[in-house]
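Novice: Mind looking over this structure? Questions follow.
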Amino acid sequence: MKHIQTDFINEALKSIGFKDLTKVQETVIPLLESNKDCIVEANTGSGKTHAFLLPIFEALKPENNEVQALILAPTRDLANQIYQFAGDIASRSEQPIIIDLFIGGSDRDQGLENLIKRQPHIVIGTPGRLYDLVIKENVLKAYTCKYFIIDEADMTLEHDFMDQVGAILDIVQPSATKAVFSATIPQGLKPFLKKYLKNPKTIDVHPDHISSLAIEHYFVKTKEQDRFIGLKKVVQAINPYLAIVFCNTKESSELVFNWMKQLSLNVVLIHGGLDYRKRKQLMKRIERLEFQYIVATDIFSRGIDIKGVSHIINYELPRRIDFYIHRTGRTGRVDFDGMAISLYEFNDNSYLDKLEEKGIKCVYKDIINKEIVDATVRHQRQKRERKENDLDLQAKLLVKKPKSIKPGYKKKYKQAVDSTKKKLAKKKYNKK
């Protein structure tokens, strides 16, 4: 495979069905191999995990018993997934490659004991646990690492973790190659990145248009009814290979899970409140496709790679627009099509307008007799009425009501408002 020279890596890639490098891998691997720092904005499912793992394994020297790569991830689930991917590659090497996973919930004392005896070649972990081992206990010798990777940086570098990651970076040698990966890089992270990365190459490998992904984005109005009525219509209208039902809170996810169990659906619940060992066991069962539905919170929307997701159902729209993109990015991956179905209310209309501004083609649907049917005509009328109402409000703000009430004042006021509306509409049209 292009860029990959080491035989055991190529063998490992063939064994897991790798054929061609993705766009992000084609772009990032040569940069990391030439030791250039980089900031990579790429959607979940773009292959960014292997974009940093492959150059790390290419440069690895198993005979050197020291830490050569440090990889940080925001959640235990994502760190464990990276660990599994790295293990798949390392298993093909004739020389032993030691990879350690350090996350909350794992045996801390055993980890300390192992590090006193020997240092791993590759370290993968969450910021809090790595800070504990590198800074507090000083048993993990991170200063020898040649690669320092931060995955899902917008979450990994959240407020509580930024200082901890900074403290680890302070002891890493300046010559180490540093790479930051995330679907989005918030403005607030830029001072941090400027401090620790040297002349980084910024790479944006998002698709030219989000709607170019093989995902159909369907929106079903609840008509201000109980959401369970809408959800029941959705599950009756589809027969998914594997569907993820997203909720905004742990409490609502538990309600949805229990409701779906009552319908005798083959469903499992995943959220951050579950014990990590329990989540790990459930993930193995999910990978074996033992369930048809997964009810989840946004812990499941970032980085976790589940093959065969055919449908995403948003029981609730996520509060942040970028999380809608993260959620729906669970489907329509590799060579498969996907469908995202979201329940929405009248108050969500401006949210949907923002999605369209982001390049998502919103298709409005009704569900009648267990069939998903087009509702675009109704929605277009609602959208037109909404725009007219917006113009009406703007015009009324611009036209002052008369201080003294005289005969015919209402008619004159209405004429002034209508005239102002026409001017605003004409101005808006000319801008286009």
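Novice: Give me the helices (runs of 4 or more DSSP H) completely within the range 179-278, filtered to those with at least 2 residues that are at negative phi and hydroxyl-bearing (Ser, Thr, Tyr), ordered by residue number.
Specialist: Correct list: 250-262.
Novice: Name every residue in the range 100-139 that is in contact with a strand residue (DSSP E or B) (Cβ under 9 Å, 6 or more places away or on another chain) and in a helix (DSSP H, G or I), in order of residue number.
Specialist: Within the range 100-139, Arg108, Gly111, Asn114, Leu115, Pro127, Arg129, Leu130, Asp132, Leu133, Val134 meet the criteria.
Novice: Pull out all pairs, ordered by first then second residue, where Cβ-Cβ is under 6 Å, the residues are six or more apart or on different chains, the first lies in the range 413-432 and is surrounded by 10 or more Cβ atoms within 10 Å (Cβ to Cβ) and at pLDDT 75 or above, and the second is polar (S, T, N, Q) and not in a helix (DSSP H, G or I).
Specialist: So the pair list comes out empty.
Novice: Then there's this: Do we have Gly332 as closer than 27 Å to Phe18 by Cα, outside any helix (DSSP H, G or I) and not hydrophobic (A, V, I, L, M, F, W, C) here?
Specialist: Yes, satisfied.
Novice: If we keep just the residues of the range 66-99 that are charged (D, E, K, R) and under 23 Å from Ile299 (Cα atoms), which is farthest from the chain's Cα centre (by Cα)?
Specialist: By that ranking, first place goes to Arg76.
Novice: Only one of Leu242, Leu274, Leu197, Leu255 is surrounded by 13 or more Cβ atoms within 10 Å (Cβ to Cβ) and within 21 Å of Asp151 (Cβ to Cβ); which?
Specialist: Leu197
Novice: Name the residue that is modelled with the lowest pLDDT, counting only residues in the range 76-99 that are more than 18 Å from Arg118 (Cα to Cα) and among the β-branched types (Val, Ile, Thr).
Specialist: Ile89
Novice: Being β-branched (Val, Ile, Thr), under 21 Å from Gly111 (Cα atoms), in the same structural domain as His50 (by TED's automatic domain parsing) and surrounded by fewer than 22 Cβ atoms within 10 Å (Cβ to Cβ) is the requirement here; does Val123 meet it?
Specialist: No: the conditions fail for Val123.
Novice: Still on this structure, I have one more. Scan the range 317-332 and give yes if some residue there is on the phi > 0 side of the Ramachandran plot and at pLDDT below 85, otherwise no.
Specialist: yes
Novice: Just need a number here: residues in the range 365-386 that are of a type in the set (D, E, K, R), modelled with pLDDT of 85 or more and over 29 Å from the mean Cα position of the chain (by Cα).
Specialist: 2
Novice: State whether the residues of the range 336-348 include one that is closer than 22 Å to Glu41 by Cα, without any contact (Cβ under 8 Å) to a residue 60 or more places away in the chain and charged (D, E, K, R).
Specialist: Within the range 336-348 (the criterion being closer than 22 Å to Glu41 by Cα, without any contact (Cβ under 8 Å) to a residue 60 or more places away in the chain and charged (D, E, K, R)), the answer is no, since none of the residues qualifies.
Novice: Could you check the range 153-178 and list, in sequence order, the residues that are buried (at least 22 other Cβ atoms within 10 Å of the Cβ) and within 18 Å of the chain's Cα centre (by Cα)?
Specialist: Selection gives Ala153, Thr156, Leu157.
Novice: If you don't mind, another one. What number of residues within the range 279-306 satisfy the criterion of being over 16 Å from the mean Cα position of the chain (by Cα), among the basic types (Lys, Arg) and assigned to a loop (DSSP other than H, G, I, E, B)?
Specialist: Of the residues in the range 279-306, 1 are over 16 Å from the mean Cα position of the chain (by Cα), among the basic types (Lys, Arg) and assigned to a loop (DSSP other than H, G, I, E, B).
Novice: Quick one: in the range 42-97, of everything that is hydroxyl-bearing (Ser, Thr, Tyr) and in contact (Cβ under 8 Å) with a residue 60 or more places away in the chain, which residue is farthest from Ala12 (Cα to Cα)?
Specialist: By that ranking, first place goes to Thr75.
Novice: Only one residue in Arg118, Arg76, Arg129 is of a type in the set (D, E, K, R), surrounded by fewer than 21 Cβ atoms within 10 Å (Cβ to Cβ) and more than 24 Å from Gln187 (Cα to Cα). Which one?
Specialist: Within the list Arg118, Arg76, Arg129, the selection yields Arg118.
Novice: Still on this structure: Inspect all residues belonging to the range 54-61 and state whether any of them is under 23 Å from the mean Cα position of the chain (by Cα) and not in a loop (DSSP other than H, G, I, E, B).
Specialist: Scanning the range 54-61 turns up at least one residue that is under 23 Å from the mean Cα position of the chain (by Cα) and not in a loop (DSSP other than H, G, I, E, B).
The values are calculated or read from the model by the stated rules, or taken from the named source; none is laboratory data. Here the structure is a predicted model, which means the values were calculated and not measured. With ideal geometry, Cβ positions are generated from the backbone for all residues, glycine too; neighbour counts draw on all protein chains shown.
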